[in-house]
Amino acid sequence: MLLVVDNSCSMEPYQNRLSENFDQFLTFFIEGDVDYQIGVITTSVAPAEAIPGTVSATRPPSTRSPEPGGLVDGGWITPTPKNGKRALLGDGEGGHLRVRLRNGPESAFRAITPAIRDHQQGFIRPEAYLSMIFVSDEQDASPLPVNEYINAFRNVKGQRNRDIFNASALVVTDPDSCRAGSISREGTRY
């Protein structure tokens, strides 16, 4: 499973809720005796230093945001050791970035392309299902048409195994229902 989590400032309360409930989410895998691997990436596709308006954080830049397509903390969550919250949101010492564009599908595409995948060797297993979950409070701004990303994701498993890929999104569908003062926008591209 690849979780693609918007790492912008406006997502902080949603990331906190995701982190607080992550152990409950893992319960479904544990009770089902599933051999899972969960990687987390951000929606950023440029290094923090290259994003105009990046705010400083309390953590050093190397831990603030991974390279585009790189897994947060450089690893993934497995049944043991149980490190879900740390891998999901770091160590809770800040590090949210002011990003102008959320590029969920583009970031996911970079995470599964051979150059990055080789660096993260072992994360995408040939025999395993591939699920992606996109989490954002904004519209996606990835450069390619959505169908190009879908085809690329399905092709990771090969033409004969395209049915072992799926994608889901936890995004805003009604901006009026978001918290007061939120800049959330409908995420129709997801």
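Would you check if there is a residue in region 58-72 being of a type in the set (D, E, K, R) and modelled with pLDDT of 60 or more? Outline the logic, then answer.
Let us first name the residues in region 58-72 that are of a type in the set (D, E, K, R), namely 59, 64, 67.
Of the ones still in play, those that are also modelled with pLDDT of 60 or more are 67.
Yes.
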Practice problem: Looking only at region 126-140, decide whether some residue is without any contact (Cβ under 8 Å) to a residue 12 or more places away in the chain and closer than 18 Å to Val4 by Cα. | Solution: no
Exercise. Mind listing whichever residues of region 12-38 are part of a helix (DSSP H, G or I), aliphatic (A, V, I, L, M) and closer than 22 Å to Ser136 by Cβ?
Key: Leu18, Leu26
Quiz item: Which of the residues belonging to region 117-133 are surrounded by fewer than 11 Cβ atoms within 10 Å (Cβ to Cβ) and not charged (D, E, K, R)?
Solution: Gln121, Gly122, Pro126
Exercise. Could you check how many residues of region 134-185 are closer than 18 Å to Asn103 by Cα, among the small types (Gly, Ala, Ser), surrounded by fewer than 16 Cβ atoms within 10 Å (Cβ to Cβ) and at pLDDT below 80?
Key: 0
Quiz item: Scanning for something within 25 Å of Ser8 (Cβ to Cβ), modelled with pLDDT of 85 or more and in a helix (DSSP H, G or I), does region 89-100 turn up at least one residue?
Solution: no
Quiz item: Does Lys82 fit the bill of being within 16 Å of Gln37 (Cβ to Cβ) and either modelled with pLDDT of 75 or more or assigned to a strand (DSSP E or B) (or both)?
Solution: no
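The values are calculated or read from the model by the stated rules, or taken from the named source; none is laboratory data. In this text, all values refer to a predicted model and were calculated from it rather than measured experimentally. Every residue, glycine as well, gets a Cβ built from its backbone with ideal geometry; the counts of neighbours run over all protein chains shown.
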